[in-house]
Protein chains: 2
Amino acid sequence: MQLEGLGDSALTMTINFGMSVGAFFLCLNIIPKFKDSFISANLFGVDLNKLIKKKVPEALGVVCGAVFLCTMFIFMPVPFYKQLAANTPGKFPHHEYIHYLAALLSICCMVFLGFADDVLNLKWRHKLLLPTLASLPLLTVYFTNVNATNIILPVQLRDLMGMDLRLGPIYYIYMGMLAVFCTNAINIYAGVNGLEVGQSCVIALSVLVFNFLEVQGEHRLGHVFSIYFMMPFFAVSAALLYHNWYPSRVFVGDTYCYFAGMTFAVVAILSHFSKTMLLFFIPQVFNFIFSVPQLFHFVPCPRHRLPKLNPHSGKLDMSYTMFKSGSLGTVGQFCIQLFDFFKLISVTHNVGDSGMYTQVNNLTLINLTLKVFGPLHEKKLVTILLVLQVICSIVAFMIRYQLKKIFYDS
Amino acid sequence: MQLEGLGDSALTMTINFGMSVGAFFLCLNIIPKFKDSFISANLFGVDLNKLIKKKVPEALGVVCGAVFLCTMFIFMPVPFYKQLAANTPGKFPHHEYIHYLAALLSICCMVFLGFADDVLNLKWRHKLLLPTLASLPLLTVYFTNVNATNIILPVQLRDLMGMDLRLGPIYYIYMGMLAVFCTNAINIYAGVNGLEVGQSCVIALSVLVFNFLEVQGEHRLGHVFSIYFMMPFFAVSAALLYHNWYPSRVFVGDTYCYFAGMTFAVVAILSHFSKTMLLFFIPQVFNFIFSVPQLFHFVPCPRHRLPKLNPHSGKLDMSYTMFKSGSLGTVGQFCIQLFDFFKLISVTHNVGDSGMYTQVNNLTLINLTLKVFGPLHEKKLVTILLVLQVICSIVAFMIRYQLKKIFYDS
């Protein structure tokens, strides 16, 4: 990424930090105030895992998204204050400023799409088409400014295939898919209070740590750019987490998942660290792959896959899907056998009225955690899942910095 | 506006036209399909001026906005196809491309804000704050690329004040307010089927005529830029008008008004013809000024100011506001007397139970039209109002091209 002459980036980072703190308190303060208008707009859900069923306002992620966008609108001129003050015609670094506009355009589109989805319950084709289109401006900017589509090959492969591999158009398809993946990966790894925002906070913190580790290095300005986005993002997310933590007073909605996913995708693409970003998504990638048989309906997928409250113990149990024994297709059958072999699922045969049904727990990381630890209280479950996210981030850093030495002698 | 090297703009305009036709048919086709999901999302209104009260889906402008944004995302690389194909490092005209991104970012923000307003019924402070912030990126781009804040003075003033007046920061405040004005001016000039979209279509066509008249002139590339935005905008609006025309099968919502207003503001600012744009807003400006006493509550303002259906005649009558005689403040009193003097309103004294009340028709251009023409059928009323809009556009062209000669000897 070619961002030159950002001025004194330590100072601008401090300003960004200050504005993030402001955004945090603003969000913390206004989220509860919006509760009633969300409920009267029919934007609410009922927490399935609580004994007392009451209306919880949904889609409050939109408030975070709006505060984030406003913060960035105000912040945007700051890194360019010197050039703006000088105002020499033809000297303004448009090729740098354009990154901010493209990034915010994509994020704004996704916040809008997410909110529209929460309100209107969009169809799958809209959910795939619109993010792809929304990432077009981003890819154009990448094409004109960076256009690095080569991946450095591991030492072991260099004799065969050379130093690096130029992927060309494939790399752009990969980046377009990254945006769609990030948004949906967070969206499907959900179901217990605080998990969507919690995981996003951990990922954002991991990215920030990574950026600060690298900010003195070769790609300094890309990492500075990422920091500018990640600090306010973390701030608004932390404020939302406060209200969304067990027991949730607000739900975050698809809006938040889309917002978070696109923000991660944008900084990964424009700051050119998409592989490292994917390392921070290990639990999400695992959950996605684990879910594939149900997402593509090789195995029946009920409307909700979240764990189930046991009203007697007050703890959460796994949730199950049931199907007629032998009714699965070849692919579904194979997946169930494979997952069963690795002890990832618990399969019960001969259930139901006539014993003709097979019962399998829903294929999510949340249910797998419950299989490993046994029934858990919701607060404990989400804590374990977030600790897992942190552990995966540590693993990610080890892969990024240790394993790299084996494959890439730098 | 400095847009150089756009390539063959006749070809790109043809492509833009083709995509606009596509957007028109797409909108025409999908708007009815979204009706049910809008109604089940509680996004509906009841047409107050129909005898049969049924649910009409509201805020369908969001579909137009989304189609417009998608069209522009796909179109954006087209004007730059030569530079993209050449892909010489450092040669891409970022200072041109940035206009598209800034424009779409502002429009996307407003579509999002409008939709949020339709869903959540935002407060006035949000409705003023967010558009202002959303126009910040636009103003930064204007500052770095154009930064023309001088207005050429009429010949008659030049002896006193010189050739031109440099407004500096005031010009930026003016542009920021232009965005807020355009969005709200369309929003308050509403109340009969088809008026919001109809007026926007007339304005868009007027802008297109103006652009095509000027496209060979000095500021050629600014007008080409405007055409690129106005053609798809007109296309999606025309499709919406088809469904919103009397009797409305869908309502357009604040979303559409915000979307339309911001699109006009964006092209006016970036293509540097904000004064001409305001000339196309004559009915809206008049309606706004006429409404001021009610908007600022100098005169009591009922929740709805739209005309009232007379169930016997099937025609629309003026709607009224009532207040205790002598209860108005000085300003309100003065406005009523002023408007009464110019026969713009009909005032009835000594009404109500004890004859202590005064009745005045609501201060809108729609009611004024009904005062002039007498009760009208809704379809006829909206037709007259749109014809008025066309006449005002013709007047605007006369002012722009004829009156200009008196004040500006070019």
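Do the conditions hold for A:Phe34, that is, is it open to solvent by less than 10 Å² (accessible area, probe 1.4 Å), under 26 Å from the mean Cα position of the chain (by Cα) and within 11 Å of another protein chain (Cβ to nearest Cβ)? Spell out how you get there, then give the answer.
On the way: open to solvent by less than 10 Å² (accessible area, probe 1.4 Å): no; under 26 Å from the mean Cα position of the chain (by Cα): yes; within 11 Å of another protein chain (Cβ to nearest Cβ): yes.
So A:Phe34 does not fit the description; no.
Tell me, yes or no, whether the stretch A:73-86 has at least one residue that is polar (S, T, N, Q) and over 22 Å from the mean Cα position of the chain (by Cα). Walk me through how you get there before you give the answer.
Keep residues of the stretch A:73-86 that are polar (S, T, N, Q), which gives A:83.
So of that shortlist, the ones also over 22 Å from the mean Cα position of the chain (by Cα) come out as A:83.
Yes; the residues of the stretch A:73-86 include at least one that is polar (S, T, N, Q) and over 22 Å from the mean Cα position of the chain (by Cα).
Give just the number: which of (1) more than 30 Å from B:Ile384 (Cα to Cα); (2) part of a helix (DSSP H, G or I) does B:Ile186 not satisfy?
Only one criterion in (1) more than 30 Å from B:Ile384 (Cα to Cα); (2) part of a helix (DSSP H, G or I) is unmet by B:Ile186, namely (1).
Kindly provide the set of residues from the stretch A:273-291 that are in contact (Cβ under 8 Å) with a residue 40 or more places away in the chain, open to solvent by 30 Å² or more (accessible area, probe 1.4 Å) and either assigned to a loop (DSSP other than H, G, I, E, B) or within 18 Å of A:Leu344 (Cα to Cα) (or both), ordered by number.
Scanning the stretch A:273-291 gives A:Ile282, A:Val285, A:Phe286, A:Phe288.
Run A:Ala23 past the list (1) over 30 Å from B:Ile39 (Cβ atoms); (2) within 14 Å of chain B (Cβ to nearest Cβ); (3) open to solvent by 50 Å² or more (accessible area, probe 1.4 Å); (4) of a type outside the set (Val, Ile, Thr) and report the number of the one that doesn't hold.
It fails just one condition, (3).
Got a number for residues in the stretch B:292-319 being in a strand (DSSP E or B) and in contact with a Lys or Arg (Cβ under 8 Å, 6 or more places away or on another chain)?
Within the stretch B:292-319, the first condition is being in a strand (DSSP E or B), and the residues that meet it are B:308-310, B:315-317.
Keeping just the survivors that are in contact with a Lys or Arg (Cβ under 8 Å, 6 or more places away or on another chain) gives B:309, B:316-317.
Looking only at that region, the number is 3.
Here is a check on your reading of the model: is B:Phe80 open to solvent by less than 20 Å² (accessible area, probe 1.4 Å) and more than 21 Å from B:Phe112 (Cβ to Cβ)? Show your work before the answer.
On the way: open to solvent by less than 20 Å² (accessible area, probe 1.4 Å): yes; more than 21 Å from B:Phe112 (Cβ to Cβ): yes.
Answer is yes for this residue.
Scan the stretch B:53-73 and give yes if some residue there is open to solvent by 10 Å² or more (accessible area, probe 1.4 Å), more than 24 Å from B:Ala260 (Cα to Cα) and within 13 Å of another protein chain (Cβ to nearest Cβ), otherwise no.
Checked against the condition, which is being open to solvent by 10 Å² or more (accessible area, probe 1.4 Å), more than 24 Å from B:Ala260 (Cα to Cα) and within 13 Å of another protein chain (Cβ to nearest Cβ), the stretch B:53-73 yields no hits at all.
Answer yes if at least one residue in the stretch B:118-125 is at pLDDT 90 or above, open to solvent by less than 20 Å² (accessible area, probe 1.4 Å) and not small (Gly, Ala, Ser), and no otherwise.
yes
Going through the stretch A:381-410 one residue at a time, which ones are without any contact (Cβ under 8 Å) to a residue 12 or more places away in the chain and not in a helix (DSSP H, G or I)?
A:Ser410
Confirm whether A:Val78 is more than 7 Å from every other protein chain (Cβ to nearest Cβ), in contact (Cβ under 8 Å) with a residue 40 or more places away in the chain and in contact with a Cys (Cβ under 7 Å, 6 or more places away or on another chain).
Details: more than 7 Å from every other protein chain (Cβ to nearest Cβ): yes; in contact (Cβ under 8 Å) with a residue 40 or more places away in the chain: yes; in contact with a Cys (Cβ under 7 Å, 6 or more places away or on another chain): no.
When the stated conditions are applied, A:Val78 does not pass them.
Filter the stretch B:133-161 down to residues that are among the β-branched types (Val, Ile, Thr) and buried (at least 16 other Cβ atoms within 10 Å of the Cβ) and give me whichever is farthest from A:Leu105 (Cα to Cα). Steps first, please.
We begin by selecting, within the stretch B:133-161, every residue among the β-branched types (Val, Ile, Thr); these are B:140-141, B:144, B:146, B:149, B:151-152, B:155.
Restricting the remaining residues to those that are buried (at least 16 other Cβ atoms within 10 Å of the Cβ) gives B:140-141, B:144, B:146, B:149.
Details: B:Thr140: 15, B:Val141: 14, B:Thr144: 19, B:Val146: 22, B:Thr149: 27 Å.
Only one residue tops the list, namely B:Thr149.
Consider A:His297 carefully, then state whether it is open to solvent by 60 Å² or more (accessible area, probe 1.4 Å) and over 22 Å from the mean Cα position of the chain (by Cα).
So A:His297 fits the description; yes.
Rundown of residues vs (1) buried (at least 24 other Cβ atoms within 10 Å of the Cβ); (2) free of Cβ contacts under 8 Å to residues at least 60 places away in the same chain; (3) of a type in the set (S, T, N, Q), yes/no style:
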| position | (1), (2), (3) |
| --- | --- |
| A:Phe259 | yes, no, no |
| A:Gly314 | no, no, no |
| A:Ser327 | no, yes, yes |
| A:Gly332 | no, yes, no |
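Within the stretch B:113-158, restricting attention to residues that are among the small types (Gly, Ala, Ser) and touching a residue at least 24 places away in the same chain (Cβ under 8 Å), which residue is nearest to the other protein chains (Cβ to nearest Cβ)? Step through it out loud before you land on a result.
Step one: filter the stretch B:113-158 for residues among the small types (Gly, Ala, Ser), giving B:114, B:116, B:134-135, B:148.
Add one more test, that the residue is touching a residue at least 24 places away in the same chain (Cβ under 8 Å), and what stays is B:114, B:134-135, B:148.
Details: B:Gly114: 10, B:Ala134: 7, B:Ser135: 9, B:Ala148: 11 Å.
Per the criteria, the residue is B:Ala134.
Checking A:Glu218 against (1) of a type outside the set (Gly, Ala, Ser); (2) assigned to a loop (DSSP other than H, G, I, E, B); (3) crowded, with 20+ Cβ neighbours inside 10 Å, which single condition isn't satisfied?
Of everything listed in (1) of a type outside the set (Gly, Ala, Ser); (2) assigned to a loop (DSSP other than H, G, I, E, B); (3) crowded, with 20+ Cβ neighbours inside 10 Å, A:Glu218 misses just condition (3).
Considering only the stretch B:369-380, how many residues are farther than 10 Å from B:Pro307 by Cα and part of a helix (DSSP H, G or I)?
6
Among the residues of the stretch B:320-333, is any assigned to a loop (DSSP other than H, G, I, E, B) and under 26 Å from B:Val202 (Cβ atoms)? Outline the logic, then answer.
Of the stretch B:320-333, the ones assigned to a loop (DSSP other than H, G, I, E, B) are B:325-329.
Checking which are under 26 Å from B:Val202 (Cβ atoms) leaves us with none.
No: the stretch B:320-333 contains no residue that is assigned to a loop (DSSP other than H, G, I, E, B) and under 26 Å from B:Val202 (Cβ atoms).
Conditions first: (1) open to solvent by 70 Å² or more (accessible area, probe 1.4 Å); (2) of a type in the set (A, V, I, L, M); (3) in contact with a helix residue (DSSP H, G or I) (Cβ under 9 Å, 6 or more places away or on another chain). A:Leu48 passes all but one, so which condition is the exception?
The number of the failed condition is (3).
State whether the residues of the stretch B:80-88 include one that is outside any helix (DSSP H, G or I) and among the polar types (S, T, N, Q).
Let us first name the residues in the stretch B:80-88 that are outside any helix (DSSP H, G or I), namely B:87-88.
Narrowing further to those that are among the polar types (S, T, N, Q): B:87-88.
Yes: the stretch B:80-88 contains one or more residues that are outside any helix (DSSP H, G or I) and among the polar types (S, T, N, Q).
Considering only the stretch A:198-215, how many residues are of a type in the set (Phe, Trp, Tyr) and either open to solvent by 10 Å² or more (accessible area, probe 1.4 Å) or within 16 Å of the chain's Cα centre (by Cα) (or both)?
So in the stretch A:198-215, the residues of a type in the set (Phe, Trp, Tyr) come out as A:210, A:212.
Okay, now just the ones that are also either open to solvent by 10 Å² or more (accessible area, probe 1.4 Å) or within 16 Å of the chain's Cα centre (by Cα) (or both), so A:212.
Summing the residues that are of a type in the set (Phe, Trp, Tyr) and either open to solvent by 10 Å² or more (accessible area, probe 1.4 Å) or within 16 Å of the chain's Cα centre (by Cα) (or both) in the stretch A:198-215 gives 1.
Would a scan of the stretch B:39-49 turn up a residue that is over 30 Å from B:Ile366 (Cβ atoms), of a type outside the set (Lys, Arg) and part of a helix (DSSP H, G or I)?
For the stretch B:39-49, residues over 30 Å from B:Ile366 (Cβ atoms), of a type outside the set (Lys, Arg) and part of a helix (DSSP H, G or I): present.
Please go through the stretch B:339-357 and pick out each residue that is open to solvent by less than 70 Å² (accessible area, probe 1.4 Å) and under 16 Å from B:Pro293 (Cα atoms).
Looking only at the stretch B:339-357, we keep the residues that are open to solvent by less than 70 Å² (accessible area, probe 1.4 Å), and these are B:339-340, B:344-348, B:351-352, B:355.
Listed by number, the residues that qualify are B:Phe339, B:Asp340, B:Leu344, B:Ile345, B:Ser346, B:Val347.
Looking at B:Asp164 and the list (1) of a type in the set (Asp, Glu); (2) at pLDDT 85 or above; (3) loosely packed, with under 14 Cβ neighbours inside 10 Å, which single condition is not satisfied?
(2)
Going through the stretch B:84-112 one residue at a time, which ones are hydrophobic (A, V, I, L, M, F, W, C) and facing chain A (nearest Cβ under 8 Å)?
Going through the stretch B:84-112, the residues hydrophobic (A, V, I, L, M, F, W, C) turn out to be B:84-86, B:92, B:98, B:101-105, B:107-112.
Across the stretch B:84-112, the qualifying residues are B:Leu84, B:Phe92, B:Ile98, B:Leu101, B:Ala102, B:Leu104, B:Leu105, B:Cys108, B:Cys109, B:Val111, B:Phe112.
The values are calculated or read from the model by the stated rules, or taken from the named source; none is laboratory data. Computed from a predicted structure; not experimentally measured. As a convention, Cβ positions derive from the backbone with ideal geometry for all residues, glycine included, and neighbour counts pool all protein chains shown. The protein model used for the area step is the full one, side chains on, heavy atoms only, and it has no ligands, DNA or RNA in it. Shrake-Rupley method; radii C 1.70, N 1.55, O 1.52, S 1.80 Å.
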